[in-house]
Amino acid sequence: MSDRLKYIRNFSIIAHVDHGKSTLADRLMEFCGAVEEREKKDQLLDSLDIERERGITIKLQAVRLKYKAKDQNEYTLHLIDTPGHVDFGYEVSRSLAACEGALLLIDATQGIEAQTLATFWQALNLDLEIIPVINKIDLPSADVDRIKQQIEEVLGLDSEEAILASGKAGIGIEEILEAIVNKIPPPKGNENEPLKALIFDSYYDPYRGAVAFVRIMDGQVKKGTRIRLMSTGKEFDVTEVGAQMPKMTALDEMKAGDVGYIAASIKDVKDIRVGDTITDARNPAPQPIPGFRPAKPMVYAGLYPTGSTTFEDMRDALEKYSINDSALTYEIESSPALGLGFRCGFLGLLHMEIVQERLEREYGIELITTAPNVIYKVRLKTGEEIEIRNPSQLPEPTKIDAILEPYIEASIITPSEYIGAIMQLVQEKRGVQKGFEYIDQNTALLRYEIPMAEVLFDFHDKLKTATRGYASFDYELLDYKEGDLVKMDILINGETVDALSFIVHRDKAYRIGRNIVDKMREVIPRQLFEVRIQAVIGSKVIASAKVAPLRRDVLAKCYGGDVTRKKKLLEKQKEGKKRMKQFGKVELPQEAFLSILKAE
Amino acid sequence: MKIKGLYVHIPFCSIKCPYCDFTSIVLNNNQVYEKYIDALKKELSLYKDFHFNIETIYFGGGTPSVLPPKLIGDLIEFVYKNFKIKENHEITIEANPNTYRYSQFKEIKSFGVNRLSIGNQTFNKKHLVSLGRNHTPEDTINMVNDAVKAGFENISLDLIYGMENQTLKELEEDLNIYTSLPIKHISAYMLTAYEDTPLGSMVLDNKYKLPDEETTTQMFKLIDNYLESNGFYRYELSNWAKKGFECKHNLFYWTDKYFLGIGVSAWSYVDGERFGNTKNLTEYFDMIGKGKKPTKFREILSEEDKRFEKIMLGLRLKEGVNINLIKNKEILKDLQNEGLGKIKENKFSLTQDGLMLINQIVTRLF
């Protein structure tokens with residue numbers, strides 16, 4: 001091994017949301033002198049407001065630190081941040097693949113949570129050296145012994161190795177840095193081999209274009225290198241290589257073992273795919289780094305402009321927004337009920353919420369979202385298999401041989417008193433138990449196979465309610481399975497409202513149909529014409545309701561002095577109706593389109 | 001287009017009714033009355049250069065019949081003398097049941113008043129009290145008889161329906177009396193709780209309960225059907241008349257004709273502009289005293305405004321509106337199918353059911 005590599009360490013921090021990852025990262029940076037006191041913001045790694053508000057990290061970044069260890073050698077440490085939510089599981093795995101080790105951060109007051117566990121297993125599969133760190137030990141409710149027991153029993157690690165720390169109080173920081181240097185192996189790799197750089201993140205920079213964050217596995221790269229993205233074959237000339245220290249700082253070159261960024265005047269962030277390999281176009285590697293999987297949306301929903309937002313406004317906003325979110329996909333969709341809008345693909349529900357919120361907040365877009373759905377696979381009688389991203393596109397039942405839906409494996413870690421409540425909830429969601437174990441006297445780990453569609457709507461909320469917020473949840477995608485699924489259409493005055501169609505398990509169809517119809521009756525105002533609402537499967541009506549027409553308005557006089565006031569009143573009423581969507585001769589308020597979300 | 005209607009607002013009452021949203025003050029003082037008539041003449045003079053061809057004069061209120069007839073005569077004479085007025089013009093005065101009697105009717109008739117609009121509201125004693133009226137059913141009947149004796153042929157009676165606890169039967173009893181009297185015109189108003197009226201506050205505080213939608217729907221139908229079968233036809237949402245006795249003045253409001261309103265809070269519509277006077281009597285006197293028009297509100301109508309008003313007002317009328325005014329024509333068929341509207345040649349009009357939903361319909365058509 002070259003001397004250069006001996007002094008490099010690449011690591012991530014594995015932690016549950018709120019377990020103190022960002023604070024600890026800040027302390028490590030401070031200790032290494034990477035942050036001037038005056039530059040300190042609360043948490044440097046989380047750069048977007050929305051992340052800070054929600055206490056989660058969405059975008060990964062990599063920071064280069066210089067650490068002078070007790071052995072008197074100066075080490076280069078690369079701290080690779082990982083996103084902390086279930087929707088971003090693949091990104092997490094690629095960040096881990098760029099490392100040789102990880103700090104496993106556990107909140108001393110909370111214990112191990114489902115998400116930490118899922119990431120831990122990923123890290124273990126990648127042969128990472130794991131350093132357990134028990135955080136927040138300064139809090140009165142810290143229970144170090146309990147956490148140590150969990151580390152032994154659940155993770156199978158030696159709890160004697162665990163470092164006691166507090167990011168907030170600055171306890172154990174040097175000990176952690178020493179452990180990184182002493183326990184995590186230096187990177188392998190040969191700088192004389194052809195270039196192989198693993199992309200683990202990207203972002204769009206107005207000056208540099210789309211920028212790739214990479215770990216150099218082999219070879220080297222510098223300004224002027226002609227690079228090729230191996231999954232697409234696209235080639236670019238490198239304009240800058242560098243590292244975050246924590247500011248973006250240009251370097252002369254990056255070699256095997258290094259972590260940093262590559263800019264190459266790439267216009268479209270979608271050209272830089274997480275997990276892809278960058279090689280030297282003039283001296284290409286024969287094989288890419290294994291494990292590349294193009295980002296694939298898991299959840300689809302229709303986003304439609306409403307209020308004063310036009311289709312064009314929305315298209316511009318999506319274009320701008322997606323520059324920095326390569327995971328979002330969108331295509332124009334036309335709905336007879338909602339007009340022109342977009343079918344958008346998201347990594348998961350949180351991703352969808354973030355996109356929606358940022359479009360509204362940062363781009364001033366007023367939008368209406370249809371109920372989200374998973375991707376269904378339909379096996380036709382002809383033997384052909386098609387993917388359905390919008391329930392209204394489901395073929396005629398007579399043409400369908402089978403409908404398949406994606407399943408997930410859900411891991412739930414919960415205090416044992418809530419096990420009963422969780423079992424009941426999961427059963428309602430068509431879940432099948434796959435594992436049950438205690439990870440300490442009071443905490444259980446439950447594993448279930450659940451159709452993904454069932455966790456789309458209100459699973460998180462219901463889990464929170466059922467366990468008073470104590471349970472944690474993580475999932476991993478399994479495979480597609482055939483299900484007894486049917487398409488339910490909602491008819492208004494006999495006509496299908498395409499934006500309200502959805503796919504549901506036959507056993508739940510009656511209850512959900514009834515609930516939707518009742519919910520819609522509540523939110524649709526009485527108007528000139530009767531509104532008949534029906535939930536149907538095929539031609540069979542399973543639930544119906546009516547909103548009786550209005551009988552009369554205020555029948556006020558209208559003489560010379562009343563005209564102006566009356567006109568203003570009617571104009572106001574008309575303005576209020578702008579938020580309604582015209583459907584045939586009746587008008588539907590936006591709430592009607594979200595009734596499905598509340599149907600369980 | 002010339003100004004055809006002249007509206008004169010008399011803002012004085014002997015009591016203030018809790019439901020009333022017209023501008024009026026409780027005042028009984030002949031000196032102020034004289035000063036006010038004087039101010040009205042001065043105000044009229046400020047419009048001398050406008051183009052008039054007066055066909056109607058309407059004394060509204062308030063209660064114009066609190067004035068001594070001579071003052072009414074004064075103003076009419078002033079108009080005759082200074083403005084162009086058409087033959088066979090209509091001059092209406094609103095009167096309350098316990099005011100004018102035979103001799104006063106004789107007197108105003110001699111000044112040219114030829115139409116009476118009597119604020120009766122109901123013949124039910126209980127409901128007269130709940131409406132805060134200070135007259136009896138007999139007062140109205142005596143008044144109608146006196147007016148007829150004095151030579152009035154064109155008499156209108158106001159009717160209010162939809163009072164708290166009013167039954168359909170009570171309403172039918174009212175209609176029975178109305179149709180048995182020698183009158184030619186009935187204005188029927190659903191009791192409306194306007195903001196800033198005592199009734200409005202009472203309804204908000206749940207101290208007065210207006211009847212439900214179904215009851216008032218039935219009431220409107222009862223009135224319309226009852227009156228139609230007794231020779232009164234509905235020519236506007238709130239107005240029924242024997243053929244030939246429609247109120248010409250009020251028709252100007254609904255058919256886009258120009259009218260000038262004088263007096264406190266009076267509104268005008270002239271040359272595509274709506275303007276309204278101050279609602280404050282002191283300010284009114286003040287401005288007139290300084291030789292200024294007492295205009296306080298002004299609205300110049302855009303073409304879209306005009307179109308909207310034509311639909312909003314035209315649909316109140318039996319004959320309806322020209323279809324070409326309507327933007328959203330697709331809905332017309334639906335309205336016809338639902339029995340809410342009728343399309344006949346190039347006119348769209350509302351049926352009885354449709355009329356009761358006029359606000360909803362107007363907002364959908366435009």
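The values are calculated or read from the model by the stated rules, or taken from the named source; none is laboratory data. Predicted, not measured: the structure shown is a model, and the values here were computed from it. Please note: Cβ atoms are built from the backbone with ideal geometry, for glycine as well, and neighbour counts cover all protein chains shown. The protein model used for the area step is the full one, side chains on, heavy atoms only, and it has no ligands, DNA or RNA in it. Shrake-Rupley method; radii C 1.70, N 1.55, O 1.52, S 1.80 Å.
Can you give the charge dipole size of the range A:174-246 about its Cα centre, rounded to the nearest 20 debye, using +1 on the beta carbon of Lys and Arg and -1 on the beta carbon of Asp and Glu? Intermediate results must be reported in sequence, preceding the final value.
Values: 10 positive and 11 negative charges, 77 e Å.
With Lys and Arg at +1 and Asp and Glu at -1, about 360 debye.
Evaluate the charge dipole of the range A:310-418 about its Cα centre and quote only its size in Debye, nearest 20, assuming +1 on the Cβ of each Lys and Arg and -1 on the Cβ of each Asp and Glu. If you can, show how the numbers build up before the last one.
Numbers: 10 positive and 20 negative charges, 64 e Å.
Computed about the Cα centre, the dipole is about 300 debye.
If you roll a 1.4 angstrom probe over the protein chains with everything in place, what fraction of the accessible area of chain A belongs to carbon and sulfur, to the nearest %?
Values: 11710 of 25110 Å².
Carbon plus sulfur share of accessible area: 47 percent.
If I take every Cα pair under 8 Å that is 6 or more residues apart in chain B, average their sequence separation and divide by the length, what percent do I get for the relative contact order?
Values: 660 pairs, mean separation 57.5, N = 366.
It comes to 16 percent, rounded to a whole number.
Considering amide H positions built from the backbone, and no H for Pro or chain starts, which residues 5 or more places from B:Y194, or on another chain, come under 5 Å of its amide H?
B:G200
At a 10 angstrom cut-off on C-beta neighbours, averaged per residue, how do the peptides A:115-124, A:396-405, B:268-277, A:545-554 rank from highest to lowest?
On the way: A:115-124: 21.1, A:396-405: 14.7, B:268-277: 19.2, A:545-554: 16.4.
The packing order, highest mean first, is A:115-124, B:268-277, A:545-554, A:396-405.
Before I look further, what does the protein assembly as shown give for accessible area per residue, probe 1.4 Å, in whole square angstrom?
Numbers: 40330 Å² over 966 residues.
Solvent-accessible surface per residue comes out at 42 Å².
Using only Cα atoms, figure out Rg for the range B:303-365 and give it as a multiple of 2.2 N^0.38 Å.
Computed over Cα atoms of the range B:303-365, the ratio equals 0.97.
Percent of alpha carbon pairs in the range B:103-165 separated by more than 18 Å?
On the way: 786 of 1953 pairs.
I get 40 percent for the Cα pairs in the range B:103-165 exceeding 18 Å.
Give the angle, between 0 and 90 degrees and rounded to the nearest 10, that separates the Cα long axis of helix A:173-183 from the longest principal axis of the Cα atoms of chain A.
Once rounded, one gets 70 degrees.
Averaged across B:249-257, how many Cβ atoms of other chains sit within 10 Å of each residue's Cβ atom? If you can, show how the numbers build up before the last one.
Details: counts 2, 4, 0, 1, 6, 4, 0, 0, 0.
Other-chain Cβ atoms within 10 Å of each residue's Cβ, averaged: 2.
Less than 11 Å from a label point 7 Å out along the Cα-to-Cβ axis of B:D205: which backbone N atoms in the range B:6-47 qualify, by residue?
Counting backbone N atoms under 11 Å from the label point, the list is empty.
Give the residue from B:G73, B:I25, B:I186 lying farthest towards the positive end of the charge dipole for the range B:3-254; charges sit on Cβ (+1 for Lys and Arg, -1 for Asp and Glu) and the dipole is referred to the Cα centre.
Going by the charge dipole, the pick is B:G73.
Pairs of Cα atoms under 8 Å, at least six residues apart: use those to get the relative contact order of the range B:303-365, whole percent.
34 percent
By how many degrees, 0 to 90 and rounded to 10, does the Cα axis of helix A:563-577 deviate from the longest principal axis of chain A?
50 degrees
How large is the charge dipole for chain A, taken about the Cα centre, if only the Cβ atoms of Lys, Arg (+1) and Asp, Glu (-1) carry charge, to the nearest 20 debye?
Details: 82 positive and 94 negative charges, 587 e Å.
For this selection, approximately 2820 debye.
Of the listed pairs A:K21/A:K255; A:K546/B:K209; B:K81/B:K292; A:K136/A:K247, which have alpha-carbon separations greater than 24 Å here? List each step's numbers first, then the result.
Numbers: A:K21/A:K255 28 Å; A:K546/B:K209 28 Å; B:K81/B:K292 22 Å; A:K136/A:K247 28 Å.
Correct reply: A:K21/A:K255; A:K546/B:K209; A:K136/A:K247.
At B:N145 and A:E385, where each label point lies 7 Å from the Cα along Cα→Cβ, what is the point-to-point distance in nanometres?
Here the modelled spin labels are 9.7 nm apart.
Tell me which residues come under 5 Å, amide H to amide H, from A:T443 once H is placed; ignore anything under 5 positions away on its chain.
Here A:S416 satisfy the definition.
For the range B:3-254, which whole-number percentage of the solvent-accessible area (1.4 Å probe, protein heavy atoms only) is attributable to carbon and sulfur atoms? List each step's numbers first, then the result.
On the way: 5120 of 10240 Å².
Using a 1.4 Å probe with all protein chains present, the range B:3-254 comes out at 50 percent carbon and sulfur.
So how do B:181-191, B:13-23 stack up, highest first, on mean other-Cβ count within 10 Å?
On the way: B:181-191: 21.3, B:13-23: 18.2.
Descending mean neighbour count gives B:181-191, B:13-23.
On a 0 to 90 degree scale, rounded to 10, what angle separates helix A:114-125 from the longest Cα axis of chain A?
50 degrees
Okay, which of the range A:156-173 sit inside 17 Å, backbone N to the point 7 Å along the Cα-Cβ direction of A:D145?
What the label zone holds, given the 17 Å backbone N cut-off, is A:159-160.
Given an 8 Å cut-off on Cα distances and at least 6 residues of separation, report the relative contact order of chain A as a percent. Could you put the intermediate results ahead of the total?
Values: 1282 pairs, mean separation 58.0, N = 600.
With pairs under 8 Å counted, the relative contact order is 10 percent.
What length, rounded to one decimal in nm, is gained on full extension from B:K342 through to B:T215, with 0.36 nm per residue of separation minus their alpha-carbon distance? Show your work: numbers first, answer last.
On the way: separation 127, 0.36 × 127 = 45.72 nm, distance 2.51 nm.
Taking 0.36 nm per residue and subtracting the Cα distance, the gain is 43.2 nm.
Across the range A:355-360, in residue order, what do the Karplus-derived ³J(HN,Hα) couplings come to in whole Hz, using 6.51 cos²θ - 1.76 cosθ + 1.60 with θ = phi - 60° and x for Gly and Pro?
With coefficients 6.51, -1.76 and 1.60, one gets 4, 4, 5, 6, 4, 6 Hz.
Hey, what do the phi angles of the range A:206-218 turn into as Karplus ³J(HN,Hα) couplings, whole Hz, using 6.51/-1.76/1.60 and θ = phi - 60°, x for Gly and Pro?
Couplings: x, 8, 9, x, 5, 10, 9, 8, 9, 10, 7, 7, 9 Hz.
Average partner chain C-beta neighbours within 10 Å, per residue of B:209-215?
Values: counts 0, 0, 0, 1, 5, 2, 0.
For this peptide, the per-residue mean of nearby foreign Cβ atoms is 1.
What ranking do B:27-33, A:474-480 get when scored by the average of other Cβ atoms within 10 Å per residue, highest first? List each step's numbers first, then the result.
On the way: B:27-33: 11.9, A:474-480: 16.4.
My ranking of the peptides, most packed first, is A:474-480, B:27-33.
What residue among A:Y67, A:L569, B:T295 has its Cα farthest toward the positive end of the dipole of the protein assembly as shown, where the charges are +1 on Lys, Arg and -1 on Asp, Glu, each on the Cβ?
Result: B:T295.
What residues have an amide H closer than 5 Å to that of B:I85, excluding those fewer than 5 places away on the same chain, when H is modeled at 1.01 Å from N in the peptide plane?
B:I54
What is the distance, in nm, between label points placed 7 Å from the Cα along the Cα-to-Cβ direction at B:S180 and at A:W121?
The modelled label-to-label distance comes out at 9.1 nm.
Counting each DSSP H run of 4 or more residues in the protein assembly as shown as -39500 (n - 2.57), what helix-only mean residue ellipticity at 222 nm follows after dividing by all residues, to the nearest 500 deg cm²/dmol? Spell out each step's value before the answer.
Values: 29 runs with 290 residues, N = 966.
-9000 deg cm²/dmol, from helical runs alone.
Sort largest first and round to whole Å: the equivalent ellipsoid semi-axes of the protein assembly as shown, each the square root of five times a Cα gyration tensor eigenvalue. Don't skip to the end; give the middle numbers.
Details: eigenvalues 1276, 192, 144 Å².
Ellipsoid half-lengths, sorted descending, are 80, 31, 27 Å.
Could you pull out which residues in the range A:356-383 have an amide N less than 14 Å from a spot 7 Å beyond the Cα of A:D461, following the Cα-Cβ vector?
Within reach of a label on A:D461, which here means backbone N under 14 Å from a point 7 Å along Cα→Cβ, the range A:356-383 contributes A:371-372.
Gain in length, A:N283 to A:E161, computed as 0.36 nm per residue apart minus the alpha-carbon separation, to one decimal in nm?
Fully extending the segment from A:N283 to A:E161 adds 39.5 nm.
Stokes-Einstein diffusion coefficient for chain B at 10 °C in a medium of 1.306 mPa s, Rh from the Kirkwood formula over Cα pairs: what value in µm²/s?
Numbers: Rh = 21.6 Å.
Here the translational diffusion coefficient equals 73 µm²/s.
Under the Karplus relation 6.51 cos²θ - 1.76 cosθ + 1.60, θ = phi - 60°, what is the ordered set of whole-Hz ³J(HN,Hα) values for the range A:498-514, x standing for Gly and Pro?
Each residue of the range A:498-514 in turn: 4, 5, 10, 5, 8, 10, 9, 6, 4, 5, 9, 4, 5, 5, 5, x, 4 Hz.
Nearest 100 Å², what total accessible surface is buried between chain A and chain B (probe 1.4 Å)? Mind dumping the intermediate values first?
Working: alone 27140 and 17090 Å², together 40330 Å².
Buried: approximately 3900 Å² between B and A.
Over the Cα atoms, compute the radius of gyration (one decimal) and Dmax (the largest Cα-Cα distance, rounded to a whole number) for the range A:214-369, in Å.
19.0, 57
At a Förster distance of 22 Å, what's the computed FRET efficiency of A:T496 paired with B:K333, Cβ-Cβ distance as r, to 0.05? Mind dumping the intermediate values first?
Numbers: r = 21 Å, r/R0 = 0.98.
That gives a FRET efficiency of 0.55.
Which length gain, in nm to one decimal place, applies between A:D401 and A:K320 when the Cα-Cα distance is subtracted from 0.36 nm times their residue separation?
Once the chain is fully extended between A:D401 and A:K320, it gains 25.0 nm.
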